[in-house]
Every structure is written in C-alpha cells, then in structure tokens.
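Undergrad: This is the structure I have questions about; it appears just below.
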Amino acid sequence: MQEVQALDALTQVLGELAEQPHNLALYAQHIRIARSIEGMEQSALETMVQFLAAPEEVWLALLSAKEASVDVDTPGGVKELLELYARAETDYLSISILQKHIQFIIDRHAHFTHGEAKPSEFEDMFTTSWTRDAILDVVNKGIGHLRQSHILWDMQRDWELEVLEAAPPADKPALVDLVDTLYLTRLKQPHSNIEETSQSYSSFTTKYKLPQDYEVLMIGASKIRSQGSKSYDRRESLEFALEKSETPLEVFARYIAAERRARSPDSFVLNTIYERAIAEAAKRTFHGEVDAEGVLVALWIGYCDSLRTNNAGVEVEHSALQRAIRSIPNSGEVAHGEARNELNTLQTPREAILHHKVLRSDVGQIVPVILARAGYEKRRMEVDSEDQDILPTLIVVLETGLELVQQASPPGDPKLRLEKYLANIYLRLAQMPDQAIGLWKTATRHHKNSYLVWLAYTDLLIKLEHYEQARKIFTEIHTKNLDWPEAIWEAWAAFEHMHGSVEEVDTCFDKIEKAAYQVHARRAKEAEKVSYQAMQMAQAVHDPLSGTQVPDVGFAGAPMDIDPPRGQKRGAEDETSAPEAHKKAKTENSTIFVADLPGGCGKVREVKITELPNALVATVEFFERDSIPPALTKDKKRVRDQEVAVHLAWKSTLYVTNFPESADDVFIRDLFGKYGTIFDVRWPSKKYKNSRRFCYIQFTSPDSAQRALELHGRQLEPDQPMNVFISNPEHKKERTDQDANEREIYVAGLSRFTTKDDLETLFKTYGVVKEVRMAVDKDNKSKGFAFVEFEEEKEALAALEANNHELKKRRIGVTLADSRVRARNRNVVPDTGLSRLADVRNRSVRIRNLPVAAQEGLLQQTLEKIALVKRVEVFVEICEAVVELESAAEVGKLLLRTEPIVFCSNTLQISEDGRDGALKRQGAPPPKTGGLFVPRATVSKPRAGLGHTRKRLVQPPGAQTVSVAPGESSGSKSSPKGQDDFRKMLG
C-alpha cells in the first residue's frame with residue numbers, strides 16, 4: 001500500500017515538474033519519493049542534474065551509481081564517467097567530489113601501470129603525463145579552499161613522490177625539479193597546514209637534494225612560506241568561526257565583506273570564498289531552509305560583480321554567469337548579467353530568457369532581462385548599421401517585454417523603464433512619433449494615478465507641438481487623485497506661460513487654485529481620520545495592570561514597578577558603557593513579547609521564535625518605538641483559530657537581586673517557576689566584577705511576573721531580604737549608577753585613626769552622602785585614603801573645597817575620583833614575583849565546544865561547582881571561553897578531572913593552551929625562531945638578563961681559579977651543580 005501511495009505521489013510530482021522545470025523544491029521532493037521506491041533514485045537524480053545545478057549530496061550519489069554501472073575498463077565507460085565528474089564540478093565547489101575524482105584517476109593509472117596492459121583504444125589516457133595534467137586540473141579547482149585544499153594537494157604530492165620513487169635514475173633529476181616546483185608553489189599559497197607542508201619539503205630536500213644545498217634551499221623556502229603563512233593568519237579567526245558556527249552563511253557574509261574591503265583583494269582567496277559560500281547556500285536551499293534561496297541569489301550576483309570589477313576576464317565572467325543561470329534560473333538580475341556579458345563578446349543571446357515561466361511572473365525580474373536584451377540589439381545596430389532587421393527586432397523585444405510586464409502585474413512597472421526606452425526608440429531611431437504617443441496613452445490607462453506617466457505623456461505632446469492636445473490633457477487630469485498633483489499643476493502653469501494666451505494663463509491658475517483647495521481639504525480630512533485612529537490605538541495600548549497594587553509584604557513605600565538602585569557603585573571598568581546601556585534601554589523599549597505570533601505592524605529589526613515545552617513564543621524587535629502601539633493592538637487577536645497574547649517584553653521581566661550567593665540558575669528557576677512559564681533567565685557577566693549578584697527573569701506573560709512580585713522582601717537567608725522588581729527600562733538609570741565617577745571624590749592623607757563616621761560628618765556639609773568606602777588594614781585601621789560618593793555631581797564639586805582641610809591632625813587631599821589611575825605595582829604579583837599577565841596565564845584554561853550564545857554567568861555557575869573561578873570570558877563567534885581561576889591548583893582540578901563536564905547538553909573540552917582571547921592555529925608547534933629557518937652554523941648572540949645565560953669567560957692558560965665565598969659577587973660562573981648538590985638543596 002505504501003508503494004502505491006509513493007507511486008501516486010511520484011506521478012503528481014512529475015506532473016508538477018513538467019509545468020515548473022526550474023522549481024528546486026519539487027526536485028528535492030522527487031528525489032525523496034524516488035528513494036522510497038526501489039530502482040527509481042538514479043532516474044530522479046539524473047532528472048535534476050539535467051535541468052538544475054545540484055548540491056554535493058546529489059552528485060555523490062549519482063557518481064557512485066554511475067561508477068558501479070559503467071565498465072571502467074573501456075574507453076567509452078571511462079569517458080562517460082569523466083564527463084560526469086566534469087559536470088558535477090561545474091555546479092558547485094565540493095572537496096569530496098574533487099577528492100573522489102582524483103582517486104579515480106590515480107586508481108586507473110595504477111591499474112594500467114602495474115596491472116593489466118592498457119588497451120590501445122585509450123590512446124594517451126592514463127599515461128603518466130596525462131594523469132599528471134588531469135590531477136593538476138582537478139586540484140586547481142579547489143586549491144583556494146584554505147581549510148581543506150590540503151586534502152587534494154596531498155594526494156597530488158603523494159602520487160608525484162610515488163612516480164619519482166619508481167622512476168629510472170635517468171628520469172629522476174627532471175622529476176625532482178618538478179616536485180620541487182610543486183612544493184614551492186604550494187608554500188606561496190595560504191592554507192591551514194602550511195607547517196606540515198614545510199616539514200614535508202624539508203624531508204624531500206634531505207632525501208633528493210645535495211647536503212650542501214640544504215640550508216640555502218630551506219632559507220629560500222622559509223621566505224616563500226612567510227607570505228602564505230601571514231595570509232592565512234589574517235583569515236584564521238574567520239575560518240575557525242566557519243567551522244564552529246551553526247549559521248555559516250552569516251560568517252561567510254562577514255568574510256566576503258572583509259575580503260572585498262581590502263585595498264587589493266586577493267582573487268585567489270576571494271573567489272574560493274564565494275564558491276564555498278554558494279555551495280553552502282545551495283545545500284541549504286535544497287533542504288528547504290528559509291531565506292537560503294535569497295542568500296544564494298545575492299551570493300551569485302556578488303560573485304559575478306566581483307569577477308567583473310577585479311578584471312577576471314570575459315571568459316571567466318561568462319562561465320560564472322552560465323553557472324549562475326543553471327543554479328538560479330529564476331533570477332532576472334543574473335540573466336541580465338549574462339546578456340550583458342554576451343553583449344561584450346557579441347554572441348547570440350539566449351531566446352529562452354524571454355520565455356522563462358518563473359521570470360514572467362515577477363516584474364522585478366522581467367525588466368532587467370528585457371533591458372539587457374534591448375541593449376544588446378541596440379549595440380548590434382551600432383556595430384552593423386546596414387542590417388535592416390535589427391531595429392524591428394529591437395522594437396519587438398521591447399513590445400514583448402511590455403506585454404510580459406502587464407501579464408505579470410496589471411499595474412506594471414512603476415518606474416516606467418521599458419516605456420521610456422521604447423518611446424526613445426520610436427522617436428529617435430524609428431521616426432514613429434504616433435507610436436510613441438500611443439505608447440504613453442496606453443501607459444496612462446495602466447498607471448492612472450501616477451504623475452510620472454502623465455508628465456511623460458504631456459511632455460511628449462509639447463515636444464511634438466501638439467499644444468491643444470496637451471492643454472486638453474492638463475485640463476482633464478488637474479483634479480484627478482494623483483500621487484503628486486502639485487507636479488502636474490507646475491507643469492501646466494509652465495506650459496501656459498510658454499504657449500498660452502493671457503486668458504488661458506488666468507483660466508489655468510483659477511482651475512489650479514480650485515483643485516488645490518479640494519486637495520487640501522481632502523488631505524485635512526484624511527489627517528483627522530488618522531489622528532482619531534492614533535488616539536484609539538493609544539487607548540488600546542494602556543495596560544490595565546499598570547495601576548495594580550503590589551501585595552504588601554511588609555516593606556511599605558517600596559516601589560514595585562521599577563528597579564531600585566543597586567546600592568553598589570558600578571565599577572568604571574564595567575563592560576556596559578553609558579551609550580551601550582542607552583542603546584539597550586532603547587532596544588527594550590522597542591521590543592514586544594509575542595505568544596503565538598501575529599504580524600504586520602511596522603518595520604521589524606529581528607524576530608526570534610522559541611519553542612518551549614508547552615508554548616510557542618517569539619520576541620519581535622522593531623526599528624522604531626512608534627511601531628509598538630499598533631503591535632500591541634494585536635493582543636487577544638486570533639491566528640489560525642488560536643488567541644495570541646502580545647505585550648511589552650519588559651512587563652513580563654523581573655529584576656531580582658540580593659539572593660543567596662549559593663543560588664544558581666536551577667535554584668532561581670525552581671523558585672520562580674511556580675508563578676508561570678519562564679521564557680529565559682539572564683545572568684550578568686562577572687568578568688569585570690565578580691561580586692555582581694542579580695539576574696533578569698522573563699516570563700511568557702505579565703500576569704506571571706506580577707504574581708512573582710510576592711517574593712519581594714522574602715528572607716531566604718537571615719537578614720537578607722530578596723528584592724524583586726518589574727524591570728522597567730525607563731528607570732534603568734536609577735539602578736546602574738552610570739555617572740557615579742562624576743559624583744565621587746577621592747580623599748587622601750587620612751590618619752590611620754580616621755573612621756567612616758568622621759568622613760561622613762565632614763562631607764555631609766556639602767551635600768547628601770550616598771556612600772563612604774574607606775580602605776582599612778587587618779586591624780580595621782585606615783590605610784590613608786577613601787572614596788566618598790554624593791547623590792549629585794554638583795555636591796561632589798562643592799566638596800573639593802575640603803582640600804587641605806585638617807582632620808585628626810592631618811592635612812587631607814580631596815580630588816575627583818579618576819578610574820584611570822592605576823597602582824604603581826599593578827603589573828607585578830607580590831606573592832609570586834611574576835608579571836600580572838604571566839600570573840593570569842598560569843591560572844587560566846580554555847574551554848571549547850560551548851553551545852551557541854552561551855551565557856558567561858551560567859558557565860561560571862557550572863564551573864564554580866568544581867573549582868574556584870575568578871573570571872569567565874566567552875568568545876561567542878568561535879564557541880569558546882577563557883576561564884581564570886583563583887590559583888594554579890584550581891586549574892589542576894579542571895585539567896585532571898576524569899568525569900566529563902556537561903554544559904547545556906554540550907560536553908566541554910578543557911585545555912591549557914590559549915591563555916588569552918587570541919586563537920591558536922592547530923598543527924605543529926612553531927619553531928623558536930618565529931617561523932624562519934635558521935642555518936645550523938648560525939649562533940645567536942647571548943643576551944644577559946632574566947632567562948638568559950651569560951657567556952662563559954675563557955681564562956688564559958696558567959690563570960688561577962679564584963674561589964668566591966657565599967654572598968660575594970664574581971664575574972666568573974660557578975662550577976656546575978651535580979645530583980648530590982641538588983639533593984642537599986632539597987634538604
């Protein structure tokens with residue numbers, strides 16, 4: 001029964017493909033159905049590759065089936081398979097297909113070289129020279145792939161080395177030179193395993209070159225390699241991001257933009273990046289990913305444009321355009337580019353473009369194709385002016401294009417591009433003014449309200465001196481409801497001034513004045529209607545919950561609809577600057593929270609859809625805050641017979657602080673989850689201030705957030721009431737202390753007997769003191785300085801008058817606090833003597849395999865259950881993090897842990913390489929010389945100082961050795977220590 005249903009589905013899909021032979025989704029469906037029916041898959045694959053470019057998976061399956069079915073021992077079978085490989089490699093870049101192609105060539109060469117005798121029908125095929133050229137041709141198709149080209153090149157190198165090893169002595173010198181050139185060419189090219197290539201070349205040189213030439217050759221190779229190595233290093237971060245990202249098309253967009261911004265774009269790299277991006281977009285389009293087809297079209301257009309601007313050559317451009325047509329036949333812009341390229345070579349354009357069914361359904365795709373074809377014919381006429389058939393062909397092309405535009409969309413092209421082109425042809429080349437008039441008259445019937453078409457019509461009549469007819473048209477249309485009537489009135493007035501009598505001018509102005517009064521009255525009425533609708537929307541936006549009283553929890557007067565000040569000054573080094581905080585507040589003010597999704601309220605910046613266990617919700621961010629009122633009117637509407645809920649995102653978000661230090665994400669979710677469905681819990685990053693203890697909890701409805709306010713003031717630990725507030729972005733400034741530095745003074749020269757009360761008593765005379773922070777020693781005595789924060793900036797400025805004031809018999813210094821001042825010994829860690837950077841590296845590890853968009857706060861919570869964490873910094877683009885721990889012993893706890901650490905379903909990979917945010921390239925460790933080869937005979941100069949040994953002084957013959965007592969200095973080096981001395985040192 002299932003097979004019968006599959007056959008019915010297959011018949012239906014084949015019928016649809018007959019009507020839509022360029023529909024990629026139908027081909028994908030055809031292949032899926034055919035795979036469920038025995039013996040039908042290969043036919044479906046062949047059908048697709050006949051009409052459209054196919055992704056890698058289609059070609060690999062077809063190539064495997066073809067290789068198994070043809071007789072590769074016959075010239076016909078081999079040629080058929082090689083032709084199929086060539087077609088597959090033309091569609092999209094695929095390292096897997098190229099690798100399979102090379103392996104087939106190598107296997108056939110080995111078969112005929114070491115196995116059976118090659119039949120004469122093969123002629124030169126699979127000889128060593130033919131095989132070398134064939135392999136080189138395939139390798140060059142993927143040689144620009146920075147991460148995977150080594151797969152192809154290594155196969156080529158290994159084959160060449162095998163040929164060299166088996167060659168007779170007389171042929172080896174030429175082959176050695178050939179392989180040497182192969183290596184040096186490769187070292188110039190950027191690729192991921194350039195270190196391995198260099199080491200392989202070293203081995204080759206040692207084996208096949210003279211020993212005395214080794215150093216000279218390696219120095220030259222090292223200089224050549226430096227260019228390719230630097231080129232790859234510049235791109236390594238993006239290559240790594242591509243490998244880790246779940247949205248590689250976005251990374252490709254950044255990659256391409258970076259390459260095209262270069263002063264001199266490297267076509268070797270840029271072209272391959274385009275090829276890789278196009279192949280990825282094609283694969284995702286084949287699998288039905290949303291928006292992938294649009295990305296594919298944009299990539300092809302950008303690629304063809306890049307080839308043109310970088311002077312790749314007419315043949316290369318034409319080849320790319322032909323491939324683009326096969327990949328995205330529905331794109332008129334690509335067809336326009338192809339026709340333009342064919343113009344440059346004066347080839348016959350493809351008539352099929354004009355009859356493409358998909359193109360004929362989209363005005364935006366039709367017009368570029370028609371313009372390109374018309375431009376081709378016009379330039380043909382300029383080249384061959386005696387050919388009388390070109391002009392009629394040009395007119396037919398444009399007239400056919402106008403018919404296609406009208407069939408695709410009755411309003412036609414609002415820019416009137418084809419009408420303007422054809423009217424010029426009628427007037428200047430064909431000398432057919434009546435046809436030009438008829439053209440614009442017909443256009444006015446299709447664009448009744450467009451001032452552009454009426455101006456073009458009247459301008460033509462005036463140009464042809466049909467003044468009465470032009471005046472009649474102006475009289476008829478001056479009261480019409482046009483999109484810009486003022487333009488028509490001005491044109492009419494100018495016409496009458498030039499060609500009319502005094503009476504006709506007066507009549508014109510009288511009619512324009514009357515028409516203007518009517519238009520202004522109509523516009524005022526429309527404005528009044530819009531104003532009334534806006535007032536209704538404003539009333540609908542009013543939230544009935546805004547006036548709800550929060551349940552009394554014993555903290556009378558505590559505001560519950562805003563976030564309070566945190567009580568702690570935000571550090572000057574905090575990662576959120578004032579402009580960024582303002583931007584974030586603006587974002588929150590222009591974001592709504594949608595449960596079950598309406599739409600169509602304004603220009604949307606971003607939509608994120610999240611599927612929760614029992615709900616489907618989305619956040620919709622608009623470009624403008626003015627889009628929020630109409631969006632909120634969608635609340636309680638029904639979509640597909642289901643009522644949706646729409647509200648401002650911040651109204652369902654809580655700001656929670658002052659909870660126990662041991663509280664983590666699980667604790668918070670358990671505590672607040674009973675009030676409703678939690679959409680997200682956002683934790684702050686602690687990489688700049690480890691004492692930050694707050695979080696944002698977002699529910700799927702404001703009602704849940706309101707119910708959770710009852711937790712405000714609850715003491716989860718003795719004398720520690722928790723604070724729970726609605727996170728209103730309008731009051732974010734009240735809880736961030738962004739301008740605390742301007743409200744804070746620095747007091748120095750304090751007596752060690754000074755107390756906080758002394759300072760508060762002194763400075764409260766200048767204003768309201770918000771906080772006094774004084775540095776104290778282990779005996780709780782002052783260290784001599786303190787910070788005093790006021791409520792207002794002007795109060796801090798007034799407090800500067802206390803400079804040189806006597807307090808506790810000491811003269812104090814008062815200045816404004818400067819967050820940029822650093823301690824004198826900031827770069828030295830007292831306990832270890834190491835530099836601060838070296839100490840941080842000693843206490844840091846790298847975390848790999850993080851989930852996408854991992855929160856630093858959540859990751860720190862996970863790791864704190866195992867070791868003492870000081871700081872966490874996540875690099876989102878590469879899904880990695882650097883974790884600084886309290887001590888080297890804590891590092892050992894993570895590195896020596898045998899049980900895996902799971903974070904958000906991902907098993908973390910922990911290593912001690914990568915102490916900072918810089919990426920390390922995988923592969924062999926770089927030599928100590930920084931990458932350049934150093935000859936064996938070269939001796940580096942010894943350098944004195946920490947980490948370097950002094951050069952041993954050579955004593956003259958007969959000189960006596962002077963012993964030096966402990967503690968005395970000597971210019972000579974002491975004798976080497978033995979194992980016994982080492983044991984004595986250990987005690």
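Undergrad: Probe radius 1.4 Å, ligands and nucleic acids left out: which of F623, F495 has the largest accessible area, and how do the rest follow? Could you put the intermediate results ahead of the total?
TA: Working: F623 80, F495 5 Å².
In descending accessible area the options line up as F623, F495.
Undergrad: Using modelled amide H (1.01 Å from N, peptide plane; none on Pro or chain starts), what sits under 5 Å from the amide H of F875, excluding residues fewer than 5 places away?
TA: E880, A881, V882
Undergrad: Let me ask something additional. Keeping all protein chains in position, work out how much accessible area I473 exposes to a 1.4 Å probe, and write it in Å² to the nearest 10.
TA: Result for I473: roughly 20 Å² accessible.
Undergrad: Here is a follow-up. Averaged per residue, what accessible surface does the stretch 627-688 expose to a 1.4 Å probe, in Å²?
TA: 48 Å²
Undergrad: Spelling out what I want: for every residue of the stretch 305-319, take phi, set θ = phi - 60°, compute 6.51 cos²θ - 1.76 cosθ + 1.60 (Karplus), and round to whole Hz; glycine and proline get x.
TA: 5, 5, 4, 5, 5, 8, 6, 6, x, 4, 5, 5, 4, 5, 4
Undergrad: Under 5 Å between amide hydrogens, which residues at least 5 positions from T677 or on another chain qualify, with H placed 1.01 Å from N in the peptide plane?
TA: T700
Undergrad: Then there's this: Along Cα→Cβ, 7 Å out, is where each label goes; now give me the distance between the ones at E717 and H287 in nm to one decimal.
TA: Calculated label separation equals 4.7 nm.
Undergrad: Rg to Rh for the stretch 1-53: what is it, with Cα atoms only and Rh by Kirkwood?
TA: Radius of gyration over Kirkwood radius for the stretch 1-53 works out to 0.95.
Undergrad: How big is the stretch 464-506 in terms of Cα radius of gyration and Dmax, in angstroms?
TA: Considering the stretch 464-506 through its Cα atoms, Rg and Dmax are 10.4, 29 Å.
Undergrad: For C695, C304, give the ranking by accessible area with the largest first, probe 1.4 Å.
TA: C304, C695
Undergrad: Please give the per residue volume of the convex hull enclosing the alpha carbon atoms of the stretch 249-327, rounded to a whole number of Å³.
TA: 75 Å³
Undergrad: Can you list residues whose amide H is under 5 Å from K870's amide H, if they're 5+ apart or on another chain and H is modeled 1.01 Å from N?
TA: E884, L885, E886
Undergrad: Right, here's the next one. Note the full-extension length gain between V505 and N849 as 0.36 nm times their separation in residues minus their Cα-Cα distance, in nm to one decimal. Intermediate results must be reported in sequence, preceding the final value.
TA: Numbers: separation 344, 0.36 × 344 = 123.84 nm, distance 7.96 nm.
Full extension of this stretch gives 115.9 nm more.
Undergrad: Still on this structure, I have one more. Given the stretch 122-230 reduced to its alpha-carbon atoms as identical point scatterers, what log10 I(q)/I(0) does the Debye formula return at q = 0.10, 0.11, 0.15, 0.24 Å⁻¹?
TA: Results for the stretch 122-230 at q = 0.10, 0.11, 0.15, 0.24 Å⁻¹ read -0.30, -0.36, -0.67, -1.42.
Undergrad: Per residue of the stretch 615-626, in order, report the coupling 6.51 cos²θ - 1.76 cosθ + 1.60 (Karplus, θ = phi - 60°) as ³J(HN,Hα) in whole Hz, putting x for Gly and Pro.
TA: Result, ordered by residue: 6, 10, 10, 8, 10, 10, 10, 9, 6, 10, 5, 5 Hz.
Undergrad: Same structure, new question: Once both labels are modelled 7 Å past Cα along the beta-carbon direction, what's the R445-Q227 spacing in nm?
TA: Going from the R445 label point to the Q227 one covers 6.7 nm.
Undergrad: So what is log10(I(q)/I(0)) for the stretch 212-286 at q = 0.14, 0.26 1/Å, when the Debye sum runs over its Cα atoms only?
TA: The Cα Debye sum returns log10 ratios of -0.56, -1.23.
Undergrad: Percent of Cα-Cα pairs per 5 Å bin, from 0 to the last occupied bin, for the stretch 198-242, please list those.
TA: Here the calculated profile for the stretch 198-242 is 5, 20, 22, 16, 13, 11, 7, 5, 1.
Undergrad: Suppose accessible area is computed on protein heavy atoms with a 1.4 Å probe; arrange L885, L217 from highest to lowest. Intermediate values should be presented prior to the final figure.
TA: Details: L885 0, L217 50 Å².
The ranking, largest first, comes out as L217, L885.
Undergrad: Is the stretch 406-532 best put as rounded, prolate or oblate by its Cα gyration tensor, with a ≥ b ≥ c the root eigenvalues, rounded for a/c under 1.5, and otherwise prolate when a/b is larger than b/c, oblate when not?
TA: Oblate, because a/c is 1.5 or more while a/b does not exceed b/c.
Undergrad: Note the full-extension length gain between A110 and E19 as 0.36 nm times their separation in residues minus their Cα-Cα distance, in nm to one decimal.
TA: 28.0 nm
Undergrad: Enumerate by residue number the GluC sites (Glu not before Pro) in the stretch 111-148 meeting two conditions: DSSP loop (anything except H, G, I, E, B), and at most 16 other Cβ atoms within 10 Å of the site's Cβ.
TA: On the way: sites: E116, E121, E123; in loops: E116, E123.
Answer by residue number: E116, E123.
Undergrad: With just the Cα atoms of the stretch 843-908, tell me how far they stretch along each of the three principal axes, in Å, largest first.
TA: 29, 22, 17
Undergrad: Ok, one more. Explain nothing, just the number: dipole magnitude of the stretch 250-290 about its Cα centre with +1 on each Lys and Arg Cβ and -1 on each Asp and Glu Cβ, in debye rounded to the nearest 20. Please report the intermediate quantities before stating the final value.
TA: Values: 7 positive and 6 negative charges, 27 e Å.
Dipole magnitude for the stretch 250-290 comes out near 120 debye.
Undergrad: Another question, if that's okay. Please report the accessible area of I151 (heavy atoms, 1.4 Å probe, ligands and nucleic acids excluded) in Å², nearest 10.
TA: The value for I151 is about 50 Å².
Undergrad: For the stretch 885-890, take each phi angle, set θ = phi - 60°, evaluate the Karplus expression 6.51 cos²θ - 1.76 cosθ + 1.60, and give the result in whole Hz per residue in order, putting x for glycine and proline.
TA: 3J(HN,Hα) across the stretch 885-890, in whole Hz: 9, 5, 8, 5, 5, 5.
Undergrad: Taking N as the number of residues in the stretch 145-292, what is its Cα Rg relative to 2.2 N^0.38 Å?
TA: On the way: Rg = 18.9 Å, N = 148, 2.2 N^0.38 = 14.7 Å.
Taking N as the residue count of the stretch 145-292, the ratio is 1.29.
Undergrad: Quick one: accessible surface of Y467, probe radius 1.4 Å, all protein chains present, in square angstrom to the nearest 10.
TA: Looks like 70 Å² after rounding.
The values are calculated or read from the model by the stated rules, or taken from the named source; none is laboratory data. Small disclaimer: the values here were computed from a predicted structure and weren't measured. So basically every Cβ, Gly included, is an ideal-geometry build from the backbone, and we count neighbours across all protein chains shown. Remember, those area values only see protein heavy atoms, side chains included, never the ligands or the DNA or RNA. Shrake-Rupley method; radii C 1.70, N 1.55, O 1.52, S 1.80 Å.
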